[in-house]
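Taking it in order: structure first as C-alpha coordinates, then the write-up.
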There are 2 protein chains.
Amino acid sequence: MKTMKVPEATISRLTIYSRFLEQADAKGILTVSSTDIAKNVGVTPAQVRKDLAYFGEFGTRGIGYTVKDLLKHIRKILGLTKIWNVALIGAGNLGRALAHYKGFAKRGFEIKAIFDVDPSKIGSKIGNINVYSMDELNEKVKELDLRLGIIAVPAVAAQEAAWALVKAGIKGIINFAPRSIIVDENVILRRVDLAAELEVLTYNLQECKIDA
Amino acid sequence: MKTMKVPEATISRLTIYSRFLEQADAKGILTVSSTDIAKNVGVTPAQVRKDLAYFGEFGTRGIGYTVKDLLKHIRKILGLTKIWNVALIGAGNLGRALAHYKGFAKRGFEIKAIFDVDPSKIGSKIGNINVYSMDELNEKVKELDLRLGIIAVPAVAAQEAAWALVKAGIKGIINFAPRSIIVDENVILRRVDLAAELEVLTYNLQECKIDA
(Lines give C-alpha, C1' and ligand atoms only; values in the text may rest on other atoms or scores of the structure.)
Protein backbone atom coordinates (compact mmCIF):
# COMPACT_ATOMS: atom_id res chain seq x y z
CA MET A 1 0.00 0.00 0.00
CA LYS A 2 1.29 3.45 -0.90
CA THR A 3 2.00 5.79 1.97
CA MET A 4 0.38 8.67 0.05
CA LYS A 5 -2.43 10.35 1.95
CA VAL A 6 -5.75 9.03 0.68
CA PRO A 7 -8.64 11.55 0.69
CA GLU A 8 -11.49 10.71 3.02
CA ALA A 9 -13.93 11.06 0.11
CA THR A 10 -12.07 8.22 -1.60
CA ILE A 11 -12.56 5.99 1.44
CA SER A 12 -16.26 6.87 1.55
CA ARG A 13 -16.55 5.98 -2.12
CA LEU A 14 -14.75 2.67 -1.57
CA THR A 15 -17.51 1.67 0.86
CA ILE A 16 -20.05 2.49 -1.87
CA TYR A 17 -18.11 0.60 -4.55
CA SER A 18 -17.95 -2.43 -2.24
CA ARG A 19 -21.74 -2.47 -1.90
CA PHE A 20 -22.17 -2.40 -5.66
CA LEU A 21 -19.59 -5.18 -6.04
CA GLU A 22 -21.40 -7.30 -3.43
CA GLN A 23 -24.63 -6.95 -5.39
CA ALA A 24 -22.84 -7.79 -8.66
CA ASP A 25 -21.19 -10.80 -7.03
CA ALA A 26 -24.54 -12.00 -5.67
CA LYS A 27 -25.92 -11.85 -9.24
CA GLY A 28 -23.03 -14.02 -10.48
CA ILE A 29 -21.34 -11.20 -12.44
CA LEU A 30 -17.63 -12.00 -12.83
CA THR A 31 -16.07 -8.78 -14.19
CA VAL A 32 -17.05 -5.12 -14.19
CA SER A 33 -15.56 -2.04 -15.86
CA SER A 34 -14.89 1.28 -14.17
CA THR A 35 -17.82 2.55 -16.27
CA ASP A 36 -20.13 -0.11 -14.75
CA ILE A 37 -19.10 0.89 -11.25
CA ALA A 38 -19.34 4.59 -12.07
CA LYS A 39 -22.81 4.33 -13.57
CA ASN A 40 -24.15 2.42 -10.59
CA VAL A 41 -22.76 4.65 -7.88
CA GLY A 42 -23.10 8.01 -9.61
CA VAL A 43 -19.49 9.13 -10.16
CA THR A 44 -17.32 9.35 -13.28
CA PRO A 45 -15.29 6.35 -14.51
CA ALA A 46 -12.15 8.48 -14.12
CA GLN A 47 -13.01 8.98 -10.44
CA VAL A 48 -13.37 5.23 -9.92
CA ARG A 49 -9.97 4.60 -11.52
CA LYS A 50 -8.35 7.41 -9.54
CA ASP A 51 -9.80 6.14 -6.25
CA LEU A 52 -8.58 2.61 -6.86
CA ALA A 53 -5.17 3.76 -8.11
CA TYR A 54 -4.28 4.92 -4.58
CA PHE A 55 -4.04 1.28 -3.59
CA GLY A 56 -2.30 -0.27 -6.62
CA GLU A 57 -3.20 -1.74 -9.98
CA PHE A 58 -6.32 -3.87 -9.88
CA GLY A 59 -7.94 -3.86 -13.31
CA THR A 60 -6.91 -5.25 -16.69
CA ARG A 61 -7.18 -2.93 -19.68
CA GLY A 62 -10.07 -3.98 -21.93
CA ILE A 63 -11.39 -6.49 -19.40
CA GLY A 64 -11.99 -4.47 -16.27
CA TYR A 65 -11.99 -5.70 -12.72
CA THR A 66 -12.63 -9.21 -11.44
CA VAL A 67 -15.56 -8.67 -9.06
CA LYS A 68 -14.48 -11.10 -6.35
CA ASP A 69 -10.84 -9.93 -6.37
CA LEU A 70 -11.68 -6.24 -6.29
CA LEU A 71 -14.18 -6.81 -3.49
CA LYS A 72 -11.56 -8.71 -1.48
CA HIS A 73 -9.03 -5.91 -2.03
CA ILE A 74 -11.45 -3.17 -0.99
CA ARG A 75 -12.53 -5.08 2.10
CA LYS A 76 -8.88 -5.48 3.06
CA ILE A 77 -8.21 -1.77 2.46
CA LEU A 78 -11.18 -0.84 4.66
CA GLY A 79 -10.13 -3.25 7.42
CA LEU A 80 -13.20 -5.41 7.00
CA THR A 81 -11.53 -8.78 6.89
CA LYS A 82 -12.00 -9.19 10.63
CA ILE A 83 -14.69 -8.63 13.22
CA TRP A 84 -14.66 -5.29 15.06
CA ASN A 85 -16.24 -5.35 18.51
CA VAL A 86 -18.24 -2.23 19.28
CA ALA A 87 -19.29 -0.53 22.54
CA LEU A 88 -22.62 1.26 22.18
CA ILE A 89 -23.26 4.13 24.61
CA GLY A 90 -26.94 4.83 25.15
CA ALA A 91 -29.84 2.40 25.50
CA GLY A 92 -32.52 4.90 24.50
CA ASN A 93 -34.49 4.94 21.25
CA LEU A 94 -31.52 5.51 19.00
CA GLY A 95 -29.35 3.01 20.90
CA ARG A 96 -32.07 0.37 20.65
CA ALA A 97 -32.43 1.02 16.94
CA LEU A 98 -28.68 0.75 16.35
CA ALA A 99 -28.48 -2.42 18.47
CA HIS A 100 -31.11 -3.99 16.22
CA TYR A 101 -29.72 -2.57 12.94
CA LYS A 102 -28.91 -5.52 10.67
CA GLY A 103 -26.45 -3.56 8.54
CA PHE A 104 -23.65 -3.57 11.12
CA ALA A 105 -23.16 -7.31 11.68
CA LYS A 106 -23.33 -7.86 7.92
CA ARG A 107 -20.22 -5.69 7.54
CA GLY A 108 -18.24 -7.20 10.44
CA PHE A 109 -19.25 -4.79 13.20
CA GLU A 110 -20.60 -6.48 16.31
CA ILE A 111 -22.11 -4.47 19.11
CA LYS A 112 -20.94 -6.52 22.09
CA ALA A 113 -22.05 -4.35 24.99
CA ILE A 114 -24.37 -1.41 25.62
CA PHE A 115 -23.75 1.16 28.36
CA ASP A 116 -26.18 3.55 30.01
CA VAL A 117 -26.54 5.60 33.18
CA ASP A 118 -30.23 4.79 33.71
CA PRO A 119 -30.62 2.24 36.58
CA SER A 120 -33.86 0.97 35.03
CA LYS A 121 -31.94 -0.06 31.88
CA ILE A 122 -28.75 -1.41 33.46
CA GLY A 123 -28.89 -5.19 33.77
CA SER A 124 -31.46 -5.52 30.97
CA LYS A 125 -30.83 -6.82 27.47
CA ILE A 126 -31.49 -5.36 24.02
CA GLY A 127 -31.77 -8.31 21.71
CA ASN A 128 -28.96 -10.53 23.00
CA ILE A 129 -26.77 -7.67 24.14
CA ASN A 130 -26.32 -6.80 27.82
CA VAL A 131 -26.81 -3.26 29.06
CA TYR A 132 -24.10 -2.32 31.56
CA SER A 133 -23.53 0.65 33.83
CA MET A 134 -21.14 3.33 32.50
CA ASP A 135 -18.98 2.48 35.54
CA GLU A 136 -18.28 -0.90 33.96
CA LEU A 137 -17.03 0.57 30.65
CA ASN A 138 -13.26 0.33 31.33
CA GLU A 139 -13.53 -3.24 32.51
CA LYS A 140 -15.77 -4.42 29.65
CA VAL A 141 -13.63 -2.72 26.97
CA LYS A 142 -10.74 -4.95 28.06
CA GLU A 143 -12.78 -8.08 28.77
CA LEU A 144 -14.72 -8.01 25.49
CA ASP A 145 -11.92 -6.48 23.36
CA LEU A 146 -14.12 -3.53 22.34
CA ARG A 147 -12.34 -1.43 19.68
CA LEU A 148 -14.94 1.05 18.44
CA GLY A 149 -17.48 3.20 20.26
CA ILE A 150 -20.86 4.45 19.10
CA ILE A 151 -22.39 7.40 20.94
CA ALA A 152 -26.20 7.35 20.86
CA VAL A 153 -27.03 9.46 23.90
CA PRO A 154 -28.94 12.76 24.10
CA ALA A 155 -26.98 15.81 22.88
CA VAL A 156 -26.27 17.06 26.42
CA ALA A 157 -24.59 13.78 27.40
CA ALA A 158 -22.54 13.27 24.22
CA GLN A 159 -19.31 14.94 25.32
CA GLU A 160 -19.22 13.06 28.62
CA ALA A 161 -19.80 9.77 26.79
CA ALA A 162 -16.93 10.61 24.43
CA TRP A 163 -14.47 11.23 27.28
CA ALA A 164 -15.54 7.99 28.95
CA LEU A 165 -14.79 6.07 25.74
CA VAL A 166 -11.43 7.82 25.32
CA LYS A 167 -10.47 7.03 28.93
CA ALA A 168 -11.42 3.41 28.38
CA GLY A 169 -8.91 3.26 25.51
CA ILE A 170 -11.30 3.34 22.53
CA LYS A 171 -9.53 4.80 19.47
CA GLY A 172 -12.42 5.13 17.04
CA ILE A 173 -15.73 6.82 17.84
CA ILE A 174 -18.88 7.52 15.87
CA ASN A 175 -21.14 10.22 17.26
CA PHE A 176 -24.84 9.98 16.42
CA ALA A 177 -25.87 12.65 18.92
CA PRO A 178 -26.86 15.93 17.23
CA ARG A 179 -24.00 17.87 18.83
CA SER A 180 -20.32 18.39 17.95
CA ILE A 181 -17.91 16.85 20.43
CA ILE A 182 -14.14 16.83 20.80
CA VAL A 183 -11.74 14.00 21.61
CA ASP A 184 -7.98 13.53 22.04
CA GLU A 185 -5.86 13.89 18.93
CA ASN A 186 -4.98 10.22 18.80
CA VAL A 187 -8.65 9.22 18.64
CA ILE A 188 -10.55 9.16 15.36
CA LEU A 189 -13.98 10.70 15.56
CA ARG A 190 -16.73 10.72 12.95
CA ARG A 191 -20.10 12.29 13.22
CA VAL A 192 -23.26 10.96 11.64
CA ASP A 193 -25.69 13.76 11.03
CA LEU A 194 -29.00 12.15 10.14
CA ALA A 195 -30.44 15.48 8.98
CA ALA A 196 -27.63 16.12 6.47
CA GLU A 197 -29.06 13.56 4.05
CA LEU A 198 -32.41 15.31 4.12
CA GLU A 199 -30.71 18.56 3.18
CA VAL A 200 -29.11 17.07 0.08
CA LEU A 201 -32.61 15.86 -0.81
CA THR A 202 -34.25 19.26 -0.42
CA TYR A 203 -31.49 20.88 -2.46
CA ASN A 204 -32.21 18.44 -5.28
CA LEU A 205 -35.97 18.83 -5.01
CA GLN A 206 -35.57 22.56 -5.46
CA GLU A 207 -33.33 21.99 -8.47
CA CYS A 208 -36.04 19.83 -10.03
CA LYS A 209 -38.51 22.61 -9.64
CA ILE A 210 -36.14 25.04 -11.32
CA ASP A 211 -35.75 22.66 -14.26
CA ALA A 212 -39.49 22.17 -14.58
CA MET B 1 -28.17 30.86 -9.36
CA LYS B 2 -26.02 29.35 -12.10
CA THR B 3 -27.57 26.51 -14.05
CA MET B 4 -24.24 24.63 -13.98
CA LYS B 5 -24.52 21.14 -12.51
CA VAL B 6 -23.33 21.22 -8.93
CA PRO B 7 -21.56 18.06 -7.70
CA GLU B 8 -23.38 16.19 -4.95
CA ALA B 9 -20.20 16.30 -2.84
CA THR B 10 -20.42 20.10 -2.92
CA ILE B 11 -23.97 19.96 -1.56
CA SER B 12 -22.89 17.56 1.19
CA ARG B 13 -20.07 19.93 2.12
CA LEU B 14 -22.45 22.92 2.18
CA THR B 15 -24.43 21.14 4.91
CA ILE B 16 -21.17 20.75 6.87
CA TYR B 17 -20.14 24.37 6.30
CA SER B 18 -23.55 25.50 7.53
CA ARG B 19 -23.08 23.62 10.81
CA PHE B 20 -19.72 25.28 11.37
CA LEU B 21 -21.22 28.68 10.55
CA GLU B 22 -24.07 28.09 13.01
CA GLN B 23 -21.55 27.35 15.75
CA ALA B 24 -19.48 30.42 14.81
CA ASP B 25 -22.63 32.56 14.81
CA ALA B 26 -23.66 31.20 18.22
CA LYS B 27 -20.23 32.26 19.55
CA GLY B 28 -20.74 35.78 18.21
CA ILE B 29 -18.10 35.50 15.47
CA LEU B 30 -18.89 38.00 12.68
CA THR B 31 -16.58 37.04 9.81
CA VAL B 32 -14.68 33.89 8.82
CA SER B 33 -12.14 33.17 6.08
CA SER B 34 -12.21 30.18 3.75
CA THR B 35 -9.20 28.98 5.77
CA ASP B 36 -11.24 29.11 9.00
CA ILE B 37 -14.02 27.09 7.41
CA ALA B 38 -11.57 24.68 5.80
CA LYS B 39 -9.66 24.03 9.02
CA ASN B 40 -12.84 23.31 10.95
CA VAL B 41 -14.43 20.94 8.49
CA GLY B 42 -11.31 19.20 7.20
CA VAL B 43 -11.07 20.32 3.57
CA THR B 44 -8.72 22.73 1.75
CA PRO B 45 -9.49 26.48 1.58
CA ALA B 46 -9.50 26.15 -2.24
CA GLN B 47 -12.24 23.54 -1.96
CA VAL B 48 -14.37 25.86 0.19
CA ARG B 49 -13.96 28.69 -2.33
CA LYS B 50 -14.72 26.38 -5.25
CA ASP B 51 -17.84 24.99 -3.56
CA LEU B 52 -19.20 28.44 -2.81
CA ALA B 53 -18.31 29.78 -6.27
CA TYR B 54 -21.00 27.56 -7.82
CA PHE B 55 -23.58 29.85 -6.27
CA GLY B 56 -22.06 33.28 -6.81
CA GLU B 57 -19.64 35.63 -5.10
CA PHE B 58 -20.05 35.74 -1.33
CA GLY B 59 -16.73 36.72 0.22
CA THR B 60 -14.70 39.89 0.26
CA ARG B 61 -11.00 39.58 -0.48
CA GLY B 62 -8.93 40.14 2.66
CA ILE B 63 -11.99 40.10 4.93
CA GLY B 64 -13.64 36.80 4.21
CA TYR B 65 -17.29 35.91 4.65
CA THR B 66 -19.88 37.54 6.89
CA VAL B 67 -21.06 34.61 9.01
CA LYS B 68 -24.74 35.53 9.12
CA ASP B 69 -24.93 36.34 5.39
CA LEU B 70 -23.14 33.21 4.26
CA LEU B 71 -25.29 31.07 6.56
CA LYS B 72 -28.43 32.66 5.12
CA HIS B 73 -27.21 32.05 1.56
CA ILE B 74 -26.33 28.41 2.22
CA ARG B 75 -29.66 27.76 3.92
CA LYS B 76 -31.43 29.23 0.91
CA ILE B 77 -29.35 27.13 -1.49
CA LEU B 78 -30.19 23.98 0.48
CA GLY B 79 -33.88 24.83 0.60
CA LEU B 80 -33.88 25.22 4.37
CA THR B 81 -35.67 28.52 4.61
CA LYS B 82 -38.99 26.74 4.99
CA ILE B 83 -40.40 23.78 6.90
CA TRP B 84 -40.47 20.43 5.08
CA ASN B 85 -43.13 18.02 6.29
CA VAL B 86 -41.95 14.44 6.43
CA ALA B 87 -43.74 11.07 6.28
CA LEU B 88 -41.92 8.42 8.30
CA ILE B 89 -42.56 4.81 7.28
CA GLY B 90 -41.93 2.34 10.08
CA ALA B 91 -42.74 2.62 13.78
CA GLY B 92 -40.17 0.06 14.90
CA ASN B 93 -36.95 0.77 16.78
CA LEU B 94 -35.37 2.84 14.04
CA GLY B 95 -38.60 4.70 13.30
CA ARG B 96 -39.03 5.52 16.98
CA ALA B 97 -35.45 6.75 17.19
CA LEU B 98 -35.86 8.96 14.11
CA ALA B 99 -39.18 10.31 15.41
CA HIS B 100 -37.41 11.39 18.59
CA TYR B 101 -34.24 12.62 16.85
CA LYS B 102 -33.77 16.28 17.76
CA GLY B 103 -31.54 17.03 14.77
CA PHE B 104 -34.38 17.04 12.21
CA ALA B 105 -36.66 19.71 13.63
CA LYS B 106 -33.64 21.91 14.28
CA ARG B 107 -32.99 21.93 10.50
CA GLY B 108 -36.58 22.50 9.41
CA PHE B 109 -37.66 18.88 8.90
CA GLU B 110 -40.85 17.97 10.74
CA ILE B 111 -42.02 14.39 10.90
CA LYS B 112 -45.77 14.94 10.74
CA ALA B 113 -47.05 11.37 10.43
CA ILE B 114 -45.76 7.84 10.95
CA PHE B 115 -47.07 4.85 8.97
CA ASP B 116 -46.88 1.16 9.79
CA VAL B 117 -48.58 -2.10 8.90
CA ASP B 118 -48.62 -3.45 12.46
CA PRO B 119 -52.19 -3.20 13.89
CA SER B 120 -50.76 -2.97 17.43
CA LYS B 121 -48.93 0.25 16.46
CA ILE B 122 -51.59 1.89 14.28
CA GLY B 123 -53.55 4.46 16.27
CA SER B 124 -50.77 4.93 18.84
CA LYS B 125 -48.46 7.95 19.13
CA ILE B 126 -44.70 8.30 19.17
CA GLY B 127 -43.98 11.51 21.01
CA ASN B 128 -46.72 13.76 19.62
CA ILE B 129 -46.85 12.08 16.23
CA ASN B 130 -49.73 9.81 15.19
CA VAL B 131 -49.06 6.35 13.78
CA TYR B 132 -51.36 5.65 10.82
CA SER B 133 -52.05 2.59 8.72
CA MET B 134 -50.17 2.38 5.41
CA ASP B 135 -53.62 2.46 3.79
CA GLU B 136 -53.97 6.05 4.96
CA LEU B 137 -50.72 7.20 3.33
CA ASN B 138 -52.19 8.77 0.15
CA GLU B 139 -54.80 10.66 2.10
CA LYS B 140 -52.42 11.93 4.79
CA VAL B 141 -49.77 13.04 2.25
CA LYS B 142 -52.35 15.45 0.81
CA GLU B 143 -53.97 16.43 4.10
CA LEU B 144 -50.70 17.17 5.91
CA ASP B 145 -48.73 18.40 2.85
CA LEU B 146 -46.04 15.75 3.34
CA ARG B 147 -43.16 16.35 0.92
CA LEU B 148 -40.40 13.96 1.97
CA GLY B 149 -40.45 10.30 3.00
CA ILE B 150 -38.15 8.43 5.36
CA ILE B 151 -38.07 4.64 5.10
CA ALA B 152 -37.23 2.99 8.43
CA VAL B 153 -38.71 -0.47 7.93
CA PRO B 154 -36.95 -3.87 7.91
CA ALA B 155 -34.91 -4.61 4.76
CA VAL B 156 -37.53 -6.97 3.31
CA ALA B 157 -40.24 -4.30 3.46
CA ALA B 158 -38.15 -1.39 2.12
CA GLN B 159 -39.01 -1.68 -1.58
CA GLU B 160 -42.74 -1.93 -0.90
CA ALA B 161 -42.56 1.13 1.34
CA ALA B 162 -40.74 3.02 -1.42
CA TRP B 163 -43.44 2.25 -4.02
CA ALA B 164 -46.13 3.30 -1.57
CA LEU B 165 -44.40 6.66 -1.09
CA VAL B 166 -43.96 7.13 -4.83
CA LYS B 167 -47.62 6.32 -5.47
CA ALA B 168 -48.62 8.82 -2.82
CA GLY B 169 -46.73 11.52 -4.75
CA ILE B 170 -43.63 11.89 -2.55
CA LYS B 171 -40.70 13.18 -4.63
CA GLY B 172 -37.83 12.82 -2.15
CA ILE B 173 -37.07 9.66 -0.19
CA ILE B 174 -34.39 8.70 2.29
CA ASN B 175 -33.86 5.00 2.82
CA PHE B 176 -32.48 3.90 6.19
CA ALA B 177 -33.18 0.20 5.60
CA PRO B 178 -30.01 -1.79 4.91
CA ARG B 179 -31.10 -2.72 1.39
CA SER B 180 -30.88 -0.98 -2.01
CA ILE B 181 -34.22 0.01 -3.45
CA ILE B 182 -35.33 1.56 -6.72
CA VAL B 183 -37.84 4.33 -7.43
CA ASP B 184 -39.20 6.16 -10.47
CA GLU B 185 -36.78 8.44 -12.30
CA ASN B 186 -38.58 11.60 -11.23
CA VAL B 187 -38.12 10.74 -7.54
CA ILE B 188 -34.93 11.57 -5.69
CA LEU B 189 -33.68 8.76 -3.51
CA ARG B 190 -30.84 8.81 -1.00
CA ARG B 191 -29.65 5.97 1.12
CA VAL B 192 -28.23 6.29 4.61
CA ASP B 193 -25.92 3.42 5.32
CA LEU B 194 -25.20 3.54 9.03
CA ALA B 195 -22.37 1.01 8.69
CA ALA B 196 -20.51 3.08 6.07
CA GLU B 197 -19.29 5.52 8.73
CA LEU B 198 -17.85 2.66 10.75
CA GLU B 199 -15.89 1.53 7.70
CA VAL B 200 -14.24 4.91 7.25
CA LEU B 201 -13.30 4.62 10.93
CA THR B 202 -11.74 1.17 10.61
CA TYR B 203 -9.80 2.28 7.54
CA ASN B 204 -8.34 5.15 9.54
CA LEU B 205 -7.62 3.00 12.58
CA GLN B 206 -5.59 0.67 10.40
CA GLU B 207 -3.71 3.64 8.94
CA CYS B 208 -2.81 4.76 12.46
CA LYS B 209 -1.34 1.39 13.22
CA ILE B 210 0.80 1.61 10.09
CA ASP B 211 2.10 5.02 11.18
CA ALA B 212 2.92 3.84 14.70
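The values are calculated or read from the model by the stated rules, or taken from the named source; none is laboratory data. Everything numeric in this text was worked out from a predicted model, so none of it was measured. We place every Cβ from the backbone using ideal geometry, glycine too, and count neighbours over all the protein chains shown. The accessibility values were calculated without ligands, DNA or RNA, using every heavy atom of the protein model including side chains. Shrake-Rupley method; radii C 1.70, N 1.55, O 1.52, S 1.80 Å.
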Lysines within cross-link reach of A:LYS39: Cα-Cα under 18 Å, excluding same-chain residues under 8 positions apart? A:LYS27, A:LYS50, B:LYS5
Computed about the Cα centre, the charge dipole of segment B:1-106 from +1 Lys/Arg and -1 Asp/Glu charges at the Cβ has a magnitude in debye, to the nearest 20, of 140
Place the label 7 angstrom along Cα→C-beta at B:ILE63 and in each other copy, then list the distances from the first to the rest in nm, shortest first. 6.1
If you draw the axis that swings chain A onto chain B, which residue of A has its Cβ closest to it, and how far is that in whole Å? A:ALA97, 2
Label position 7 Å from Cα toward Cβ: report the copy-to-copy distances for A:LYS76 in nm, one decimal, ordered from shortest. 5.2
Spin-label pair B:ALA155/A:ALA53, simplified geometry with 7 Å Cα→Cβ offset, distance in nm: 3.5
Cα centroid of segment B:61-104 to Cα centroid of segment B:125-167, whole Å: 20
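On average, how many beta carbons from a partner chain sit within 10 Å of the beta carbon of a residue in A:169-182?
Neighbouring Cβ atoms belonging to other protein chains average 3 per residue here.
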Carbon + sulfur, % of accessible area of segment A:93-181 - ligands and nucleic acids excluded, 1.4 Å: 51
Ranking B:PHE58, B:ALA161, B:ILE126 by how far each Cα lies towards the positive end of the charge dipole of segment B:44-183 (+1 on Lys and Arg Cβ, -1 on Asp and Glu Cβ), the top one is B:PHE58
Taking segment A:74-201 and dividing mean pair separation by its residue count, relative contact order in percent (alpha carbons under 8 Å, at least six apart): 21
Each residue of segment A:187-203 in turn: what ³J(HN,Hα) in whole Hz from Karplus with 6.51, -1.76, 1.60 and θ = phi - 60°, glycine and Pro shown as x? 10, 9, 10, 10, 10, 9, 10, 5, 7, 4, 5, 5, 5, 4, 5, 5, 4
Candidates per GluC sites (Glu not before Pro) in segment B:1-74, loop by DSSP, up to 12 other Cβ within 10 Å: B:GLU57
Could you size up the charge dipole of chain B around its Cα centre, putting +1 on the beta carbon of Lys and Arg and -1 on that of Asp and Glu, and report it in debye to the nearest 20? 740
Helix A:8-26 axis, angle to chain A major axis (alpha carbon atoms, nearest 10°): 70
Report the calculated FRET efficiency for A:LYS142 and B:LYS142 (r = Cβ-Cβ distance, R0 = 56 Å), to the nearest 0.05. 0.50
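Gain in length, B:ASN85 to B:THR60, computed as 0.36 nm per residue apart minus the alpha-carbon separation, to one decimal in nm?
Extra length available between B:ASN85 and B:THR60 comes to 5.4 nm.
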I want to check the label-to-label distance for B:LYS125 and A:VAL41. Put each point 7 Å from Cα in the C-beta direction and report it in nm to one decimal. 4.5
Quick check on chain B: helices-only [θ] at 222 nm, where DSSP H runs of length 4 and up contribute -39,500 (n - 2.57) each and the sum goes over total residues. Nearest 500, please. -13500 deg cm²/dmol
